[in-house]
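Heads up: the structure comes next, in structure tokens.
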């Protein structure tokens, strides 16, 4: 049997006969370049053949194929595997292309997308994951994902037996079944350049349908930063803070025992420590206006769903407005999720040349 350009191994056919069915939640594990994504598509197609509505969750944030990179995407299939080419039915913005430092977002996002698929009527779900399975971080991530999602089937794709110590720790439990699969011989390794170029293409495709939109500071609340959530300092307070920092403070907010401030130039850490001591602050974040340019963000609607990714073009602290390149309909956004990821380019024509900051 063939699936696209792949001659399907008999082991895949046997696996599909065993795991594809109503109520099944199938989570795939494996290192990079083991064929997880192709297997995910194949199992989803077999579910469609049985007349099931299949929720496909793409949790591979670095090589996303449902939605843009840095996101966990979900698509509900009801008719054809070709529906995967359409816009995702849901995305969760992680804000990074690699899980370390973002494990919580990766776990929460995967769980949310599975739940969203169920809410849309999915009768079966298949979950593709990143290739991070080794080391303490990889094992912790996959263990947490499994506990959060509670799959009925865990399918491990291995070249040899590299996942065995982890899999043996899952086998005693009755709530799921563990299946082992050898990597298909036709699966080829992708080079680093291929992966970079693929991400660039995905970003370019996404932002080709975006345009700049202005948001007032007061129209948005933020997540993953205290910026936009605190009390703006008065002119007199800004003057006092400027003297303490030794630099002009363009804008600042106080939020409990934390402060966010913007200065024209980077500030020495010793100056920040001095301000924290004098003002009895637990933390202080200081940024320059340039730091915001090109920053990738997620825009959330009133239901907490991502209505668009965006790229910050400018933050005008005098008029208190953000200019963000984003999808049409983003004016309904009520919150912004910041990230540590920057996309380079000009509004509406992003090259996808991206970097972690």
Exposure proxy check on 28, 181: fewest-to-most Cβ neighbours within 10 Å is 181, 28
Helix-only CD estimate at 222 nm, as mean residue ellipticity for the chain, using -39500 (n - 2.57) per DSSP H run (n ≥ 4): -9000 deg cm²/dmol
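Mind checking Rg over Rh on the stretch 1-112, alpha carbons, Kirkwood formula for Rh?
Working: Rg = 14.1 Å, Rh = 14.7 Å.
Here the Rg-to-Rh quotient is 0.96.
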Once each part is reduced to its C-alpha centroid, what is the distance from the stretch 171-212 to the stretch 246-272 in angstrom? 40
Distance in nm between label sites at residue 175 and residue 240, each 7 Å beyond Cα in the beta-carbon direction? 5.3
How large are Rg and Dmax for the stretch 207-357 when only the alpha carbon atoms are used, in Å? 16.0, 48
Can you give the relative contact order of the chain as a percent, counting alpha carbon pairs under 8 Å and 6+ residues apart? 16
Please list the radius of gyration and Dmax for the stretch 148-219, considering alpha-carbon atoms only, with Å as the unit. 20.9, 56
For the stretch 182-252, alpha-carbon Rg and Dmax in angstrom: 22.9, 69
Return the FRET efficiency for the residue pair residue 334, residue 205: r is the Cβ-Cβ distance, R0 is 22 Å, and the value is rounded to the nearest 0.05. 0.25
Which whole-number percentage describes the relative contact order of the stretch 207-357, with Cα contacts under 8 Å and a sequence gap of 6 or more? 28
By DSSP, what percent of the beta bridges with both residues in the stretch 2-190 are antiparallel, rounded to the nearest 5? 40
Fewest-first ordering of 46, 204 by Cβ atoms within 10 Å yields 204, 46
Using r as the Cβ-Cβ distance of residue 282 and residue 316, and R0 as 41 Å, what FRET efficiency do you calculate, to the nearest 0.05? 0.90
Footprinting proxy, 231, 153: sorted fewest to most Cβ within 10 Å, the residues are 231, 153
Helix 269-279 axis, angle to the chain major axis (alpha carbon atoms, nearest 10°): 70
Working out 0.36 nm times the residue gap between residue 80 and residue 98, then minus their Cα-Cα distance, what length gain in nm do you get to one decimal? 3.5 nm
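Roughly what % of DSSP beta bridges within the chain run antiparallel, to the nearest 5? Show your work: numbers first, answer last.
Values: 44 of 70 bridges.
About 65 percent, rounded to the nearest 5.
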Can you give the Kirkwood hydrodynamic radius for the stretch 2-190, in Å, rounded to one decimal and based on Cα pairs? 16.3
Taking alpha-carbon centroids only, the stretch 117-147 lies from the stretch 76-116 a number of Å equal to 10
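Each value in this text was obtained by applying a stated rule to the coordinates, not by laboratory testing. Fair warning: this is a prediction, and the values are worked out from it, not measured in the lab. Here Cβ is always computed from backbone atoms with ideal geometry, including for glycine, and neighbour counts include all displayed protein chains.
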